[in-house]
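The values are calculated or read from the model by the stated rules, or taken from the named source; none is laboratory data. The shown structure was predicted, so the numbers you read here are calculated from the model rather than taken from an experiment. Glycine also receives a Cβ, built like all others from the backbone with ideal geometry; neighbour counts cover every protein chain displayed. The protein model used for the area step is the full one, side chains on, heavy atoms only, and it has no ligands, DNA or RNA in it. Shrake-Rupley method; radii C 1.70, N 1.55, O 1.52, S 1.80 Å.
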Amino acid sequence: MEIKNQEDQYLSSVKNALRILKSFTMDEPEKKVSDISTSLGLNKSTVSRTMATLASEGFVHKDPETKKYSLGLSLLSLSSIVNSNTDVYRESYPVLNRLVENLGETAHISVIDKLEVIYLQKVECNHPVRFLTHVGRRNPPHCTSSGKVLLAYADEELVNAVLEQGLEKYTKNTITDPDKLLANLKEIKKNGYSTSFEELNEGVNSIAAPVYDYRGKVIAALSVVGPKQRIQSHKVQGFAKKIIAAAKEVSERMGYRG
């Protein structure tokens, strides 16, 4: 019984450490122990002990003046290993570069993870506008072009899970009706690309196409994002053609043969 209790405590400590690390974001890159304790509902002494352990291994760093913690270099080294071994990350980079040069807008590669869109790769254009996107950022799938194109080719189980969690309204253009979203997904699969016109952020439009792997399965989305003044409705067909071609090239690099 004592051994089991020790194992449970160990697993609980590991879970707490992972929750703490995942709580850091681009919007909140630095946090005090009290901030973490409040946001995660953990005891301050538990957070303090966990942070001390993480700091000793280089996973977090404590600023001696502000007493705030930030993520450490050990995580950077681990992320480099992940990125170097993620084929779609590596294979998409030169394609995204050419696409950005061609269209003059920022391009991304993203995937679905835990009912959210997460950005794996980003190549920024020469005249970027702040869109609140960055590598590692998570966005809802029902109102992003990349998310919708991934849902269009996803298993029914995943689509139902997204619908069950609710379709939050972000702008007046956000699709919040499940039937309308399902109809939109069918249209996306028919056309081979997806659009999001101010569905997540006001003034921001995007277009995305699916990326396939060697099995013919959609594993990622390639999207281009820009201000509505530059990505206008009458330009969609021209943009979509080039985005689909770029996604096809990434797919071929991943072993897809059609």
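Computed quantities for the displayed model
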read-out: Filtered residues of region 53-65 (kept if open to solvent by 60 Å² or more (accessible area, probe 1.4 Å) and more than 13 Å from Val14 (Cα to Cα)); value: Ser56, Glu57, His61, Lys62, Pro64, Glu65
read-out: Output for region 206-218, where each listed residue is over 17 Å from the mean Cα position of the chain (by Cα) and open to solvent by less than 30 Å² (accessible area, probe 1.4 Å); value: Asp213
read-out: Residue selected from region 98-114 under the condition acidic (Asp, Glu) and not in a strand (DSSP E or B), by the criterion surrounded by the fewest Cβ atoms within 10 Å (Cβ to Cβ); value: Glu101
read-out: Cross-chain or 6+ apart pairs with Cβ under 8 Å, region 117-133 first and over 13 Å from Leu96 (Cα atoms) and open to solvent by 20 Å² or more (accessible area, probe 1.4 Å), then at pLDDT below 80 and in a loop (DSSP other than H, G, I, E, B); value: Ile118/Gly136; Ile118/Arg137
read-out: Failed item, numbered, when Glu252 is tested on (1) open to solvent by 20 Å² or more (accessible area, probe 1.4 Å); (2) closer than 23 Å to Leu151 by Cβ; (3) of a type in the set (Asp, Glu); value: (2)
read-out: Any pair with Cβ under 7 angstrom, 6 or more apart, that starts in region 243-258 at a residue that is among the polar types (S, T, N, Q) and ends at one that is modelled with pLDDT under 95; value: Ser251/Val211; Ser251/Tyr212
read-out: Criterion violated by Phe131 - all others in (1) modelled with pLDDT under 85; (2) under 17 Å from Lys31 (Cα atoms); (3) among the aromatic types (Phe, Trp, Tyr) satisfied; value: (2)
read-out: Residue among Val82, Val117 that alone is modelled with pLDDT under 85, under 20 Å from the mean Cα position of the chain (by Cα) and within 27 Å of Val162 (Cβ to Cβ); value: Val82
read-out: In region 164-188, the residues that are under 16 Å from Ser146 (Cα atoms) and of a type in the set (D, E, K, R); value: Lys186, Glu187
read-out: Residues of region 201-216 satisfying the condition of being touching a helix residue (DSSP H, G or I) at 6+ places or on another chain (Cβ under 8 Å) and not small (Gly, Ala, Ser); value: Ile207, Pro210, Val211, Tyr212, Asp213
read-out: Filtered residues of region 148-167 (kept if under 21 Å from Ser223 (Cβ atoms), open to solvent by less than 50 Å² (accessible area, probe 1.4 Å) and in contact with a helix residue (DSSP H, G or I) (Cβ under 8 Å, 6 or more places away or on another chain)); value: Lys148, Val149, Leu150, Leu151, Ala152, Leu158, Val159, Val162, Leu167
read-out: Options Tyr170, Tyr193; residue that is under 21 Å from the mean Cα position of the chain (by Cα) and open to solvent by 70 Å² or more (accessible area, probe 1.4 Å); value: Tyr170
